[in-house]
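Presented below is the structure to which this report refers.
The values are calculated or read from the model by the stated rules, or taken from the named source; none is laboratory data. Here the structure is a predicted model, which is why all the values come from computation and not from measurement. Cβ placement follows ideal geometry from the backbone for every residue including glycine, while neighbour counts extend to all protein chains displayed.
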Amino acid sequence: MDLALGWGVMSDQAMLDQLWWSQGHRFLNWSYPSNGWPIPFEELNSHSANVHVVPAGDSVRSAIEWTRTGRIVTLSGELIEVEGPGGTKWRSSLSRTDQGAGACELMWVREFKSE
């Protein structure tokens, strides 16, 4: 399950209304109006994330599935690394300033709350 998350300036609806957002192919994408970024790109990048979540159980999965765009959420858990068949590894980013492929967080979510 993928969640597009923002905090600080990126949780302000007035700011979000100035950007176009989409998620697809396990990536979070955004674009800006023709007059440029409403804030420095570095701030936008460091205050938003595409988080691939692995629910710790059915109740956590259900809580995540029921949340909707615009909700304030709290996640508790750990960043993880997953090993698939044949030894393929998928590692969480450990940086808030990286971008592009590999910049997403992969999180084992033990608790999820939505307001």
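Quick look at the values:
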| item | result |
| --- | --- |
| Lone unmet requirement of (1) under 13 Å from the mean Cα position of the chain (by Cα); (2) under 21 Å from Asn29 (Cα atoms) for Thr67 | (1) |
| Pick from region 58-76, criterion within 8 Å of Ser114 (Cα to Cα) and hydroxyl-bearing (Ser, Thr, Tyr), ranking: surrounded by the fewest Cβ atoms within 10 Å (Cβ to Cβ) | Thr74 |
| Residue selected from region 82-97 under the condition surrounded by 10 or more Cβ atoms within 10 Å (Cβ to Cβ) and in contact (Cβ under 8 Å) with a residue 12 or more places away in the chain, by the criterion nearest to Phe112 (Cα to Cα) | Ser92 |
| First in region 104-115 and touching a residue at least 40 places away in the same chain (Cβ under 8 Å) and among the acidic types (Asp, Glu), second anywhere and assigned to a loop (DSSP other than H, G, I, E, B) and exposed (fewer than 13 other Cβ atoms within 10 Å of the Cβ), Cβ under 9 Å, 6 or more apart | Glu105/Leu94; Glu115/Arg71; Glu115/Ile72 |
| Residues being without any contact (Cβ under 8 Å) to a residue 24 or more places away in the chain, surrounded by 13 or more Cβ atoms within 10 Å (Cβ to Cβ) and either touching a Gly at 6+ places or on another chain (Cβ under 8 Å) or assigned to a strand (DSSP E or B) (or both) - total across region 1-52 | 3 |
| Scope region 23-59; condition modelled with pLDDT under 85, under 20 Å from Leu106 (Cβ atoms), touching a strand residue (DSSP E or B) at 6+ places or on another chain (Cβ under 8 Å) and of a type in the set (Gly, Ala, Ser); matching residues | none |
